[in-house]
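First comes the structure, then the notes that go with it.
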């Protein structure tokens, strides 16, 4: 076994005092480096020290390399706050507004908007929209990259939901999987072309993520993720779906990129914080330049995670349609927790981050859910420039998860669900309907942003939990 290098050995190589030495020594304790002869360890460290930028996207050495970059290139100061539009300000908590104000002080910020369902998050508030100049902010995208709403509409009568409740409950239990780390059992997994993508081999960080992605594809996470049967009511004859006015059975799903997206978010947020050190109040808003290798690598990983989330929904809806023995008449999907390359009304090219905000460009269809006991809405965007062509992604939380668990009781929630005729599989107090804002108030605050084409009312809901 190679003898162990110490801090003085690195100092003799020219490593500066500070984090780089500790990070390098910790990395040398990993088994793939620990068994190297000391001469090879020293050669590797010399190479990193000589050209740290070459190692910024190295899975093992990115943080050490970032700590070696000259301090002036790593620190970023805030600038005077730019103006931004807020929708439904009277219903948004002060913490979320403060986070948005901070984001508008970033030197890379071009424009922003705050949606009426906004609430406190990490970095950018949930419900925040931020346009930047050639920079991507991992925590302005969010942890659950590409989190998506997907609706399938079936040619089944409304009475089907009441007549087949237990059958539909069984279909959900057999054809969905929920929970952190949960995947499909061997023999039940479905193939998908997203699993063949080159990024799993070419992006260093993704090289060991393929097995878990394969296991978890077609599944849903915990928290507010759900799959539910409900009643679709088409109320606008110009609904762009070719559906006559009336009521249908629908399947609505909400989930994201599973462990893949979460790991991408955590890794690149750490890297961004290393190469872009901001004041404490803005630390979670560290960015990666898209003209850097690290920024391009994150963009590729983010895009893959978003496509993976879409593939998960495709498989969920495919399984449920097969179990129903029906083909959907129409489908509508939209996603949030993502960044888009877009052009503003004044012609400026920007990176638009929508963290918990729905794309609402002119003519773009989407679904904005309420809660288990409140309808969601099928909408068409109006492309309003002040909102950066965005709308809310749901009702938004009224109570944090901690407060909901502390203030709500099981009996109270069960009574509330029963009064609304909701059949719930799983779920917890943190996802109780009372923990969410009034979706009708939220929709009233964004009348100028979207047109309502119809609604979706949940009836049989599955979430994580027993």
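The values are calculated or read from the model by the stated rules, or taken from the named source; none is laboratory data. Keep in mind it's a predicted model, so treat the numbers as computed, not measured. Every residue, glycine among them, receives a Cβ derived from its backbone with ideal geometry; neighbour counts consider all protein chains shown.
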Response to the item:
The lone condition residue 180 fails out of (1) out of contact with any helix residue (DSSP H, G or I) (no Cβ under 7 Å at 6 or more places or on another chain); (2) modelled with pLDDT of 95 or more is (2)
Discussion item. Given the condition free of Cβ contacts under 8 Å to residues at least 60 places away in the same chain and more than 17 Å from the chain's Cα centre (by Cα), answer yes or no: does some residue in the range 148-159 qualify?
Written reply: yes
Worksheet entry | Yes/no for residue 402 being within 22 Å of the chain's Cα centre (by Cα) and part of a helix (DSSP H, G or I) | yes
Worksheet item: So how many residues does the range 353-370 have that are over 13 Å from the mean Cα position of the chain (by Cα) and part of a loop (DSSP other than H, G, I, E, B)?
Response: 7
Practice prompt. List the number of the failed condition for residue 55; all other conditions in (1) farther than 30 Å from residue 107 by Cβ; (2) at pLDDT 85 or above hold.
Written response: (1)
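Condition check ((1) surrounded by fewer than 16 Cβ atoms within 10 Å (Cβ to Cβ); (2) without any contact (Cβ under 8 Å) to a residue 24 or more places away in the chain) across all residues:
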{"residue": "389", "(1), (2)": "no, no"}
{"residue": "395", "(1), (2)": "no, no"}
{"residue": "398", "(1), (2)": "no, no"}
{"residue": "401", "(1), (2)": "yes, no"}
{"residue": "404", "(1), (2)": "no, no"}
{"residue": "407", "(1), (2)": "yes, yes"}
{"residue": "410", "(1), (2)": "yes, yes"}
{"residue": "413", "(1), (2)": "no, yes"}
{"residue": "418", "(1), (2)": "yes, yes"}
Worksheet, complete the sentence: The strands (runs of 3 or more DSSP E) lying entirely within the range 241-352 that contain at least 1 residues which are touching a strand residue (DSSP E or B) at 6+ places or on another chain (Cβ under 7 Å) and more than 30 Å from residue 198 (Cβ to Cβ) are 246-255, 330-335
Response to the item:
The one condition residue 343 fails out of (1) without any contact (Cβ under 8 Å) to a residue 24 or more places away in the chain; (2) surrounded by 24 or more Cβ atoms within 10 Å (Cβ to Cβ) is (2)
Worksheet entry | Filter result for the condition that a residue is assigned by TED's automatic domain parsing to the domain that holds residue 447 and either at pLDDT below 95 or within 17 Å of residue 306 (Cβ to Cβ) (or both), over 195, 173, 161 | 195
Item to complete: Of all residues in the range 76-94, count the ones that are surrounded by 15 or more Cβ atoms within 10 Å (Cβ to Cβ) and in a helix (DSSP H, G or I).
Response: 1
Practice prompt. Scan the helices (runs of 4 or more DSSP H) fully inside the range 1-52 and keep the ones with 2 or more residues being touching a residue at least 12 places away in the same chain (Cβ under 8 Å), surrounded by 14 or more Cβ atoms within 10 Å (Cβ to Cβ) and on the phi < 0 side of the Ramachandran plot.
Written response: 7-13, 19-28, 38-50
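Residue-by-condition table, conditions (1) under 24 Å from the mean Cα position of the chain (by Cα); (2) in the same structural domain as residue 176 (by TED's automatic domain parsing):
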residue	(1), (2)
240	no, yes
252	yes, yes
290	yes, no
295	yes, no
